[in-house]
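Written below as structure tokens is the structure these notes are about.
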Amino acid sequence: MTDLETSIATIISVFQKYSEREGDKHKLKKSELKDLLHDELPDLMAHVKDQSALDNLMEGLDADGDSECNFQEFMTFISVVTVCCHEFFEHEEE
Ligand SMILES: [Ca+2]
Ligand SMILES: [Ca+2]
């Protein structure tokens with residue numbers, strides 16, 4: 001696989017690793033999302049200091065309002081994080 005194909009497959013497998021733990025296997029409930037963020041994005045989570053910030057993040061992600069994070073909602077989040085990282089590195093080069 002190419003680097004990009006590997007990256008896509010990795011994102012899908014990380015989502016599934018957490019979404020399959022409890023309840024709906026295709027969605028992240030709040031505790032699953034929390035574990036995913038803490039384990040997979042520790043640097044980002046260092047900036048999310050308290051529970052209310054995490055609740056706000058979860059609510060912001062939950063486009064369809066079912067209190068769970070489906071893959072599409074997860075991808076929206078990953079896109080935002082990735083674009084922010086890209087902007088950061090763009091400014092680093094200047
Ligand atoms: Ca689940
Ligand atoms: Ca949702």
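Just so you know, all these numbers are worked out from the coordinates, no wet-lab data involved. The shown structure was predicted, so the numbers you read here are calculated from the model rather than taken from an experiment.
Structural remarks
- All-pairs Cα distance distribution in the stretch 20-80, expressed in whole percent, bin size 5 Å: 4, 19, 30, 29, 15, 3
- Taking amide H positions as modeled 1.01 Å from N, with prolines and chain starts lacking one, the residues under 5 Å from residue 69 and 5 or more places away or on another chain are 28, 29.
- Added length on full extension, which subtracts the Cα-Cα distance from 0.36 nm per residue, residue 94 to residue 63: 7.6 nm
- Computed extension length for residue 47-residue 8: 11.5 nm, one decimal, from 0.36 nm per residue of separation with the Cα-Cα distance subtracted.
- CD proxy at 222 nm, helix term only [per DSSP H run n ≥ 4: -39500 (n - 2.57); per residue of the chain; nearest 500]: -22500 deg cm²/dmol
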